[in-house]
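Structure first, commentary second.
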């Protein structure tokens with residue numbers, strides 16, 4: 001393996017790890033971890049499913065704090081995670097398979113859902129930070145399940 | 001104005017122009033222009049509203065050809081266009097206010113809709129090419145209109 005190929009492999013692994021940590025921070029309701037994952041920049045972008053884009057680290061952090069306060073339980077099963085590194089910028093697409101519950105939900109009735117996300121990370125020193133997150137609901141026109 | 005500020009201003013104008021041309025190519029049903037706007041790369045990303053991500057220039061071009069074949073009339077009114085240039089990568093967010101019609105539509109019944117898009121362009125030589133497009137429907141929870 002060439003030095004360049006090794007570097008790309010390491011970058012892909014690092015990006016995949018930060019991407020997983022983004023969802024883990026949401027699951028734990030850990031606003032500090034969530035804040036650290038985002039690039040601290042006025043031009044970061046976050047589009048929650050069905051919502052309009054938010055711009056800037058402070059607006060985005062506020063939105064996550066609000067979401068976390070209103071979602072006592074959420075769990076993500078990520079599928080189709082694809083990472084692509086382009087020098088100091090990396091894209092990730094993934095399917096967010098979501099299991100959620102709120103205060104009115106009893107143990108036997110969780111709600112499920114599916115969204116797709118495009119996440120763009122930028123390299124800052126030794127780490128990767130989230131620059132853009134855009135998630136949207138998937139409208140199934142066909143059922144592929146048996 | 002410093003040389004650097006002038007450069008950023010020129011970059012922002014150039015990105016805004018390519019972004020407008022992307023929607024104009026769709027309106028004209030011009031698949032050649034649409035193909036040129038995209039980065040010719042296996043890692044380009046396109047998420048149409050409600051759909052799963054498509055990856056790679058050839059898959060994306062095929063999807064646009066199919067959409068253009070099925071949408072005889074579409075017009076975009078872009079609002080809230082915000083451009084941000086980060087060296088050789090640029091992000092655009094905009095609201096796509098859409099007016100559309102199909103073969104079954106008479107002159108008095110156009111359908112309207114609203115989506116938001118995140119578009120990411122990369123600088124390639126003298127021009128900017130579309131690397132990522134993610135569009136999603138906006139679910140209005142409140143009516144702000146009078």
For residue B:41, place a label point 7 Å from Cα along the Cα-to-Cβ direction in every copy; what are the distances to the other copies, in nm, shortest first? 1.5
Which residue is it, in chain A, that holds its beta carbon closest to the axis of the A-onto-B rotation, and how many whole angstrom away? A:136, 2
Using Cβ counts within 10 Å as a stand-in for footprinting exposure, how do A:136, A:63, A:84 rank, fewest first? A:63, A:84, A:136
Just want to confirm a number: the relative contact order over chain A, from Cα pairs under 8 angstrom separated by 6+ residues, in percent. 23 percent
Point-to-point label distance, residue B:24-residue B:1, nm (Cα→Cβ direction, 7 Å offset): 2.1 nm
Difference of contour (0.36 nm per residue) and Cα-Cα distance, residue B:139 to residue B:77: 20.5 nm
Relative contact order (%) - the range B:1-84, alpha-carbon pairs under 8 angstrom, separation at least six: 28 percent
Could you pull the copy-to-copy label distances for residue A:72, with points set 7 Å along Cα to Cβ, in nm to one decimal and sorted shortest first? 5.5
Give me the distance between the Cα centres of the range A:10-54 and the range B:66-95, rounded to whole Å. 24 Å
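Relative to 2.2 N^0.38 Å, what does the C-alpha radius of gyration of the range B:1-81 come to as a ratio? Two decimals please. The partial results should precede the final answer.
Values: Rg = 15.0 Å, N = 81, 2.2 N^0.38 = 11.7 Å.
That works out to 1.28 for the range B:1-81.
Suppose only helical runs count, i.e. DSSP H with n ≥ 4. What mean residue ellipticity at 222 nm does that imply for the protein assembly as shown under -39500 (n - 2.57) per run, divided by all residues and rounded to the nearest 500 deg cm²/dmol?
On the way: 6 runs with 94 residues, N = 292.
Dividing the helical sum by the residues of the protein assembly as shown leaves -10500 deg cm²/dmol.
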Percent breakdown of C-alpha pair distances by 10 Å bin, ordered from the shortest bin, for chain B: 11, 39, 33, 14, 3, 0
Taking neighbour counts of Cβ atoms within 10 Å as a proxy for exposure, in what order, fewest first, do B:58, A:91 appear? B:58, A:91
Relative contact order for the range B:19-65 using alpha-carbon pairs under 8 Å, separation at least 6, rounded to a whole percent? 31 percent
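Mind checking the mean number of beta-carbon atoms from other chains within 10 Å of the Cβ atoms in B:49-62?
Neighbouring Cβ atoms belonging to other protein chains average 3 per residue here.
Listing A:124, A:79 from the residue with the fewest other Cβ atoms within 10 Å to the one with the most, what is the order? Walk me through the numbers on the way to the answer.
Details: A:124 13, A:79 10.
If I rank by nearby Cβ atoms, fewest first, I get A:79, A:124.
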Kindly give the distances from residue A:125 to its copy-mates, label point to label point, with each label point 7 Å from Cα along Cα→Cβ, as nm values to one decimal ordered shortest first. 3.9
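Every number in this text was worked out from the coordinates using simple rules, so none of it is lab data. Quick caveat, the model's predicted, so the values are computed rather than measured. Neighbour counts run over all protein chains shown; Cβ positions are idealised from the backbone, glycine included.
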